[in-house]
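Q: Have a look at this one.
The values are calculated or read from the model by the stated rules, or taken from the named source; none is laboratory data. What you see is a predicted model, and the numbers here were worked out from it, not measured in a lab. When we count neighbours, we look across all protein chains shown, and the Cβ atoms used for this are built from the backbone with ideal geometry, even at glycine.
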Amino acid sequence: MYDSGGLEILSEDECRQLITAVQLGRIVFTDRALPAIQPVNFVVARGEVIIRTSPGSKLAAAARNAVVAFEVDDFDPAIRTGWSVVIVGHARIVSENGELSDLRNLPLRTWTPAAQDYFIAISPELISGRRLPKAA
């Protein structure tokens, strides 16, 4: 199925599979009543998007029980094709000790040296994606 712009509409299963193929995404959240976008590395675990950050970050403060968007994509400029997946869902700070223990073992390292074992989990509620077909 294609949208009115000629992009292939991806199924939810395809979207879930594609997001595991990349390590960098962008989280969209509200910061002081304005939209903010931040690149983050992430993993998918237990069906949730997991991000590691520091407790004092803007992202940590803004993502507490908030609705956020999360976008991942991939593009091959040589053959002019690619895809994009957008997830919308509630973000929560992971605080349960058993869950924290599991998350510490994930292959997720933060980019910032000040970050601690502070994890944000996004539970997908809406998932959509599009693929740009190969150029003719």
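Q: Give, as residue ranges, the strands (runs of 3 or more DSSP E) completely inside the stretch 35-99 that count at least 1 residues that are acidic (Asp, Glu), within 29 Å of residue 131 (Cβ to Cβ) and under 10 Å from the mean Cα position of the chain (by Cα).
A: Of the strands (runs of 3 or more DSSP E) lying wholly inside the stretch 35-99, those with at least 1 residues that are acidic (Asp, Glu), within 29 Å of residue 131 (Cβ to Cβ) and under 10 Å from the mean Cα position of the chain (by Cα) span 48-53, 66-76.
Q: Say we look at the stretch 70-92 and pick out the residues that are surrounded by 17 or more Cβ atoms within 10 Å (Cβ to Cβ) and among the aliphatic types (A, V, I, L, M); which of these is nearest to residue 33 (Cα to Cα)?
A: 91
Q: Quick check on my filter: what residues within the stretch 40-79 are of a type in the set (Lys, Arg), closer than 13 Å to residue 120 by Cβ and out of contact with any Leu (no Cβ under 8 Å at 6 or more places or on another chain)?
A: Passing the criteria: 58, 64.
Q: Using the structure shown, decide if residue 79 is over 29 Å from residue 1 (Cα atoms) and modelled with pLDDT under 90. Can you show your working first?
A: On the way: over 29 Å from residue 1 (Cα atoms): no; modelled with pLDDT under 90: yes.
Criteria not met by residue 79.
Q: List pairs: first residue in the stretch 113-136 and crowded, with 17+ Cβ neighbours inside 10 Å, second residue modelled with pLDDT of 95 or more and among the polar types (S, T, N, Q) anywhere in the structure, Cβ distance under 7 angstrom, at least six positions apart or on different chains.
A: The qualifying pairs are 129/84; 130/84.
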